[in-house]
1. For segment 248-256, indicate whether the set of residues that are in a loop (DSSP other than H, G, I, E, B) and more than 16 Å from the ligand (Cβ to nearest atom) is non-empty.
2. Where in segment 306-398 are there strands (runs of 3 or more DSSP E), lying fully within it, with 1 or more residues that are of a type outside the set (S, T, N, Q) and more than 16 Å from the ligand (Cβ to nearest atom)?
3. So which residues in segment 98-148 are part of a strand (DSSP E or B) and β-branched (Val, Ile, Thr)?
4. Taking segment 237-264, which residues are open to solvent by less than 80 Å² (accessible area, probe 1.4 Å) and more than 26 Å from Arg209 (Cβ to Cβ)?
5. Output yes when any residue across segment 409-428 is open to solvent by 10 Å² or more (accessible area, probe 1.4 Å), within 16 Å of the ligand (Cβ to nearest atom) and touching a residue at least 40 places away in the same chain (Cβ under 8 Å), and no when none is.
6. Can you name the residue in segment 365-404 that is open to solvent by 20 Å² or more (accessible area, probe 1.4 Å) and of a type in the set (A, V, I, L, M, F, W, C) and is also farthest from Gly437 (Cα to Cα) among such residues?
7. Taking segment 181-234, which residues are touching a Lys or Arg at 6+ places or on another chain (Cβ under 8 Å), closer than 20 Å to Ala250 by Cα and surrounded by fewer than 15 Cβ atoms within 10 Å (Cβ to Cβ)?
8. Exactly one of these conditions fails for Gly489: (1) within 16 Å of the ligand (Cβ to nearest atom); (2) closer than 25 Å to Val542 by Cβ; (3) not aromatic (Phe, Trp, Tyr). Give me its number.
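The values are calculated or read from the model by the stated rules, or taken from the named source; none is laboratory data. Every value quoted in this text rests on a predicted model; they were computed, and no experiment measured them. Cβ coordinates were reconstructed from backbone atoms using ideal geometry, including for glycine residues, and neighbour counts include every protein chain displayed. The protein model used for the area step is the full one, side chains on, heavy atoms only, and it has no ligands, DNA or RNA in it. Shrake-Rupley method; radii C 1.70, N 1.55, O 1.52, S 1.80 Å.
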Amino acid sequence: MYTPFVLLVCLHSPSVQGQVSIAALDLSAVEQEWGEPHADRSVEGHALSIGGKSFEHGLGTHASSQFAIALGGQATRFHALVGADDETLPKQGSIEFRVLGDGKELWKSGLLHSGAAAKEVDLPLAGVKSLLLLVEDGGDGNSYDHADWAMATIEAEAGATIQSLAAPREEAVVLTPLPGPEPHLHAASVTGVRPGHPFLYGIPATGDRPMRFSAENLPEGLTLDAATGRISGKLAEKGEYKVILTAKNARGTDERLLRIVCGAQIALTPPLGWNSWNCFAGAVDDAKVRSAADAMVASGLAQHGWTYINIDDCWEAGRDAKGNILCNEKFPDMQALGDYIHSKGLRFGIYSSPGRTTCAGFTASWEHEEQDAQTWASWGVDYVKYDWCSYDDIAKDHSLPELKKPYSVMRAALDKAPRDIVFSLCQYGMGDVWQWGAEVGGNCWRTTGDITDTWGSMAGIGFAQNGHEKFAGPGHWNDPDMLVVGKVGWGNLHPTKLTPNEQYTHISLWCLLCSPLLIGCDMAQLDAFTLNLLTNDEVLEVSQDPLGIQAARVAQNGETEVWAKKMEDGSLAVGLFNRGQIEAQVSVNWKELGLQGAQRVRDLWRQKDLGVSEGSFATSVARHGAALIRIFPAKKR
Ligand code: GLA
């Protein structure tokens, strides 16, 4: 369905007589997810060896990898012995080799494990113009997937030109229509607050300005600024308040129900915001955080519900004589920064660790937990990420009580602070944190190590979340880490290395997973494609549905997967993913979804109805791409 526009470029390579080893071609065209391709050596530079047998020639690569070769219709045969290289332990790696000619599959190896003997491929190529050599990760991530195309040769007519083809480049296609001039209210239909704590809510609405806002049934203690659409104040009593929001401009009016639930729980839907780490890491400073807040509003992101502006590590600088945490010179006045963020209707987040130092080696909260929680509250902090790191020097071991302890201590400290502070646990999934993160009062918990902007990292993390869904719900979410779209780089900015289709997969999957969505790019450099990815209200609705049901995998077929979650209105949000390296048909049948009969299918990225389907739905999905659909009973919306 999302067939990309692709560019193919031939790379220079000599013409051949008779037979050419693929390792003699220009290997800069090989794309692989780990390491570098090597001629006549394994990916780690050893002599090629499969199942205890060494080979003199061939290509050493790593899954997932692809190598496209132009044959000009002059090749006659392809021959190779393929397998996982012996430089990993038996069974560690699991891979599948595939050979495609002119886009059609000619051969596949089936699943091969390290330690197994090489498998022979011998194919006639008469008339084939292009060859694509693929290594897939076997469906279990790419760890230890060292792959050898041993003795791989192409036979060709005398004088034939056999050339590497640069990997296809995808065009960044904007799929979502831009918001119109008329008012539209967006974002979650529910929000939580604790009694007696400050409430700040910027009503998210797109449409031409000026816009006037009103709120019917606003409970006592809260007031609305009709010009900015900001609701603030405090609620004294627990309870659920059904407020009717209205936005009006010269083009029309929109109305929407907002449930304000005053009680013990906050983060009733996954937090939406920005965090400084994936773009700036140690280079974060006050000006960059302010610019992120400015861009959150100026770009229109805030109008779709994006709210938090979170500083990650590298703001801390020791303690004063009374033990109060100090900020380094890059943050001259943290309270003023908090006020600035709040003045834009946004919320403010910060970072610390339970040990003596943070992950980047700055002062952390060990034995100052209550004092730090109070300091943060005095700065107006609304979100704290609490990152394990040097707590390893304090914890006796990684037993459950030791893993839980620092988080329970900080939870108790936050409970004494006079504000609502989202508590984000970061300890990379140790001790299956999803099983007890909520019990220690976490509003979200990282389930994995750090994400990077590669397909291997993002897809490896995202698709490994299956099974965690039963631990997520309103107020407590699994967190597979922050977003890697836009300009990221941990202090060394570059456009994300994810292809456009991989980015559609990233956002579709993270919304289905009900993950906190923290934008990781430099917000001052948002491009139209990235902004479009992050402002599709129908896609965000999948993340922000008040039921808070995390998607689970409902079907897997080779490299394709289908994930689904139930929405509050009874409809289903369904992601159809293609983890493979060539376009594939992905289908789902109603039985797998617990449905029957006629269903109306809507394409959420394009915000377009696809008609009524009986029994199943299928669509073509690009390499590493996704289709995100919503399925409604045919007769009602
Ligand atoms: C760890 C976390 C990252 C980031 C850094 C900061 O690696 O997992 O998300 O917070 O620490 O040092």
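1. Looking for residues that are in a loop (DSSP other than H, G, I, E, B) and more than 16 Å from the ligand (Cβ to nearest atom), one finds at least one in segment 248-256, hence yes.
2. Hits in segment 306-398: 316-319, 325-327, 347-352.
3. Scanning segment 98-148 gives Val99, Val121, Val135.
4. Of everything in segment 237-264, those that are open to solvent by less than 80 Å² (accessible area, probe 1.4 Å) and more than 26 Å from Arg209 (Cβ to Cβ) turn out to be Gly239, Tyr241, Arg259, Val261, Cys262, Gly263, Ala264.
5. Yes, some residue in segment 409-428 is open to solvent by 10 Å² or more (accessible area, probe 1.4 Å), within 16 Å of the ligand (Cβ to nearest atom) and touching a residue at least 40 places away in the same chain (Cβ under 8 Å).
6. Trp379
7. Scanning segment 181-234 gives Pro181, Asp208, Arg212, Ala226, Ala227.
8. Only one criterion is unmet by Gly489, namely (2).
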